[in-house]
């Protein structure tokens, strides 16, 4: 039996340690209700729980067993889907692309089981783009305009690095609930989630075409005007990034 444990950084390790959760055993055996009941697929199971820490903030505790995906490096048995998600979250973090924050990844492998754990911060100050659209009717512009532009800029930055989300639906983009100032939201107020299928593509144009097609088809709350504004802001920011500005 072998165990691997990865903390996103020292602050994440300190936080989990202070809550008695800095280890695979403590996280695996934590008694907490399911937030999303385990689903059984890929030959195993995977489920999500929500846990409130001592400081009042919450984390999502994701646990799975034999829930694997095949990759080019591991074409036969595969790897835990949570490991791929953790690696992708950290990849976006290194590129300063805002996404859900990972705190911990761990897995334990034996002859018959490959168990994995992923801990992420709950995005309690954010709601999905679909939810945001439902609560802000089209007439509620100029704030709506800033949200469309912020999403466009976040997507442009992702694709600038030839990264394809591969499941870019409105429910997988989160928006800050309330702007901090000036009744406006910006790129820093957008978070990508559900990053298991994130991959590096061959070209910026190719990954962008794939993701934008998905976003247009799976964001029912956007009007034709919203879509036009998104595409204009997206193309403009792609050019902005391509010519060397704002690549940090």
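Here, each number is a calculation from the coordinates, and none is a lab measurement. Since we're looking at a predicted model, the values are computed, not measured. When we count neighbours, we look across all protein chains shown, and the Cβ atoms used for this are built from the backbone with ideal geometry, even at glycine.
Remarks
- Using C-alpha pairs below 8 Å separated by at least 6 residues, the relative contact order for segment 126-242 is 41 percent.
- Contact order, relative form, for the chain: 18 percent (alpha carbon pairs under 8 Å, 6 or more residues apart, mean separation divided by residue count).
- Radius of gyration over Kirkwood radius for segment 7-50, both on Cα atoms: the Rg/Rh ratio is 1.07.
- The fraction of Cα-Cα pairs per 5 angstrom bin, counted from 0 for segment 126-242, comes to 2, 13, 23, 28, 19, 10, 4, 1 percent, rounded to whole percents.
- At an R0 of 45 angstrom, the distance between the Cβ atoms of residue 231 and residue 53 translates into a FRET efficiency of 0.65.
- For segment 2-121, the relative contact order comes to 28 percent (Cα pairs under 8 Å, sequence separation of at least 6).
- Put simply, when 96-108, 51-63 are sorted by average Cβ atoms within 10 angstrom per residue, most first, you get 96-108, 51-63.
- Top of 29, 219, 81 by mean-square fluctuation, Gaussian network on the chain, Cα under 10 Å: 29
- Listed residues 194, 130, 182, most fluctuating in the chain (Gaussian network, C-alpha, under 10 Å): 182
- Between residue 162 and residue 40, the contour length at 0.36 nm per residue exceeds the alpha carbon distance by 40.7 nm.
- Radius ratio Rg over Rh of segment 2-121, counting only Cα atoms, Kirkwood formula for Rh: 0.95
- For segment 129-163 and segment 46-101, distance of Cα centres in Å: 25
- Between 110, 46, 166, the Gaussian network model of the chain with springs among Cα atoms under 10 angstrom shows the greatest mean-square fluctuation at 110.
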